[in-house]
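Please read the structure below before turning to the comments.
The values are calculated or read from the model by the stated rules, or taken from the named source; none is laboratory data. Since we're looking at a predicted model, the values are computed, not measured. Positions of Cβ are generated from backbone atoms using ideal geometry, with glycine treated the same way; all protein chains shown enter the neighbour counts.
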């Protein structure tokens, strides 16, 4: 079972999410919170695998709560689930350590699939957010051009895989573009994450852009 904590100041929203997730069969909602402070306490007590986190909440917002939660020992993965698609929310969330960003209008089946993907170690961004994230990183000036030293640990093929990930390609699309098997892509992705000490694909992509590997 994938253990999930729901964080949203709207009780009706939490109830709706709980109903959707508990119908999935392999997801168990183990706790709820109405703001970031409560979220941190519930996560500490319940030790979930995944946290669904709203952004705008009273007291401590979702971005600060995410930053605190991912600093825990063996932290859960955090998916930001919000009605807001503003670029700055995306950047702040990812830099705070979120593993994914979905909009509340996401269809239920995609939400469930996203939680499963995150629990398995993948990153998750809604397609529209992925496009805007790439465009924004490409447009922003690079303040230092200093390459993270961990990037230098990657082989040529692993760099190609990371660049493809940063451009929003799925494993199947990477396999097709690099003329290699999908299982080989998965192996390369795991090695990239290990060498970069990245929690997931999203964090690796952020590192690729901020290091100037992709522009």
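Points worth noting:
- Test: residue in region 45-52 that is in contact with a strand residue (DSSP E or B) (Cβ under 6 Å, 6 or more places away or on another chain), in contact (Cβ under 8 Å) with a residue 60 or more places away in the chain and in a loop (DSSP other than H, G, I, E, B): yes
- Residue 163 being surrounded by 19 or more Cβ atoms within 10 Å (Cβ to Cβ) and either modelled with pLDDT of 80 or more or not in a helix (DSSP H, G or I) (or both): no
- When the residues of region 168-182 are filtered to those that are at pLDDT 90 or above and loosely packed, with under 13 Cβ neighbours inside 10 Å, the one that is farthest from the chain's Cα centre (by Cα) is 179.
- Residues within region 1-42 that are in a helix (DSSP H, G or I) and in contact (Cβ under 8 Å) with a residue 24 or more places away in the chain, tallied: 10
- Exactly one residue out of 21, 64 is under 18 Å from the mean Cα position of the chain (by Cα) and at negative phi, and it is 64.
- Residue in region 144-158 that is more than 25 Å from residue 81 (Cα to Cα), in contact with a helix residue (DSSP H, G or I) (Cβ under 8 Å, 6 or more places away or on another chain) and modelled with pLDDT under 80 present: yes
- When residue 55 is tested against the conditions (1) in a loop (DSSP other than H, G, I, E, B); (2) under 15 Å from residue 4 (Cα atoms); (3) touching a strand residue (DSSP E or B) at 6+ places or on another chain (Cβ under 7 Å), the lone failure is (2).
- Among the candidates 123, 100, residue that is buried (at least 20 other Cβ atoms within 10 Å of the Cβ), at pLDDT below 70 and in contact with a helix residue (DSSP H, G or I) (Cβ under 9 Å, 6 or more places away or on another chain): 123
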